[in-house]
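Asker: Okay, here's the structure, questions in a sec.
The values are calculated or read from the model by the stated rules, or taken from the named source; none is laboratory data. Keep in mind the model is a prediction, meaning the values are calculated, not measured. Ideal geometry is used to build each Cβ from the backbone, glycine not excepted, and the neighbour counts take in all protein chains shown. Heads up: the accessible areas ignore ligands, DNA and RNA and are worked out on the full protein's heavy atoms, side chains in. Shrake-Rupley method; radii C 1.70, N 1.55, O 1.52, S 1.80 Å.
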Amino acid sequence: MDLLRASVNDADVMAKLINIAGEGLPVYLWQDMIEGDETVWDVGRRRARRDEGGFSYRNTTLAFGEHQVIGALIDYAQPDTFDPIDPTEIPAMFVPLLELESLAPGSWYINVLAVFPPFRNRGVGSELIRAAERNAINAGKQAISIIASDGNPGAIRLYERHGYTQCAKRAMVKEGWENPGKNWILLIKQF
């Protein structure tokens, strides 16, 4: 397996892996961002091609194996301080996520960690976590954070095996999004 930085040409596979990591939430949100005759996948690709923002190819590392992309990591530094959250100015489903992010200021943040189903349980996720931790250390960060759904206990177990500790949780606000989880869980690892 090789880990390589993504380029704008990887937008299609990035959109698919972002949606896997987000357990369908990205596609749900992209529906409201469609412009003209775009599909939800066109929106995901457009967002992945951006030079800025969390879901940018610039923040993405792709895992290659068996002559194809098998997984992805999107990670970056969180700000040292967060502006107060005004729930009246943000869609309700984002409030719990932003509240949890604000509990880990200055940390290195794993926004997306996803592996295509046929390649799971082969160490790909662990290798992507180690890559994020190297990025965090190289950036001089003292902690790394990630938010996961309690509806995905396998992911939570993976992070805990790597030394991440559950620090806080917030109830999910689902609106029309279907997910088996009830809470978002913030996990943090100190270096």
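Asker: Sort Glu99, Glu52, Glu160 from largest to smallest accessible area, using a 1.4 Å probe on the heavy atoms of the protein chains.
Answerer: These residues rank, largest area first, as Glu52, Glu160, Glu99.
Asker: Under the classification rounded if a/c is under 1.5, otherwise prolate if a/b is larger than b/c and oblate if not, where does segment 99-191 fall, given a ≥ b ≥ c as square roots of the Cα gyration tensor eigenvalues?
Answerer: The shape class here is oblate.
Asker: Percentage of Cα-Cα pair distances in the chain greater than 27 Å, rounded to whole percent?
Answerer: 25 percent
Asker: Here's a follow-up. Where Lys and Arg each count +1 and Asp and Glu each count -1, what net charge lies around Phe82 among other residues with Cβ under 10 Å from its Cβ?
Answerer: Cβ neighbours under 10 Å give a net charge of -4.
Asker: Output ³J(HN,Hα) for segment 56-66: one whole-Hz value per residue in order, computed from phi by the Karplus curve 6.51 cos²θ - 1.76 cosθ + 1.60 with θ = phi - 60°, and x for Gly and Pro.
Answerer: So the J values, rounded to whole Hz, are 10, 4, 5, 9, 10, 10, 10, 9, 10, x, 6.
Asker: Using packing as a proxy for protection, rank 100-107, 43-50 so that the peptide with the highest average count of other Cβ atoms within 10 Å comes first.
Answerer: Per-residue Cβ counts within 10 Å, averaged per peptide and sorted highest first, yield 43-50, 100-107.
Asker: When only alpha-carbon atoms count, how far does segment 1-109 stretch along each of its three principal axes, as whole angstroms with the largest first?
Answerer: Projected onto its principal axes, the Cα set of segment 1-109 covers 45, 36, 24 Å.
Asker: Would segment 61-105 count as rounded, prolate or oblate if I go by the C-alpha gyration tensor, calling it rounded below 1.5 in a/c and otherwise prolate when a/b exceeds b/c, oblate otherwise?
Answerer: prolate
Asker: 5 Å is the cut-off here: which amide hydrogens, built 1.01 Å from N in the peptide plane, fall below it relative to Val112, excluding neighbours closer than 5 in sequence?
Answerer: Ile74
Asker: Quickly work out the Leu103-to-Glu35 label distance, labels modelled 7 Å from Cα along the C-beta direction, and quote it in nm with one decimal.
Answerer: For the pair Glu35/Leu103, the computed spacing is 3.6 nm.
Asker: Got a number for the accessible area of Lys141? Probe 1.4 Å, square angstrom, nearest 10.
Answerer: Rounded to the nearest 10, that gives 40 Å².
Asker: In nm, to one decimal, how far is the modelled label at Asp86 from the one at Met1, with both set 7 Å along Cα→Cβ?
Answerer: Simple spin-label model gives 4.4 nm for this pair.
Asker: Between Arg58 and Val173, what length comes free when the chain is fully extended (0.36 nm per residue of separation minus the Cα-Cα distance, one decimal in nm)?
Answerer: Value of the extension gain: 38.5 nm.
Asker: Each residue of segment 20-25 in turn: what ³J(HN,Hα) in whole Hz from Karplus with 6.51, -1.76, 1.60 and θ = phi - 60°, glycine and Pro shown as x?
Answerer: Residue by residue, segment 20-25 yields 4, 4, x, 6, x, 4 Hz.
Asker: Provide the percentage of antiparallel DSSP beta bridges, counting only those with both residues in segment 99-191; round to the nearest 5.
Answerer: That works out to approximately 80 percent antiparallel.
Asker: So for the chain: antiparallel DSSP bridges make up what percent, rounded to the nearest 5? Show your work: numbers first, answer last.
Answerer: Details: 30 of 33 bridges.
Just about 90 percent of them are antiparallel.
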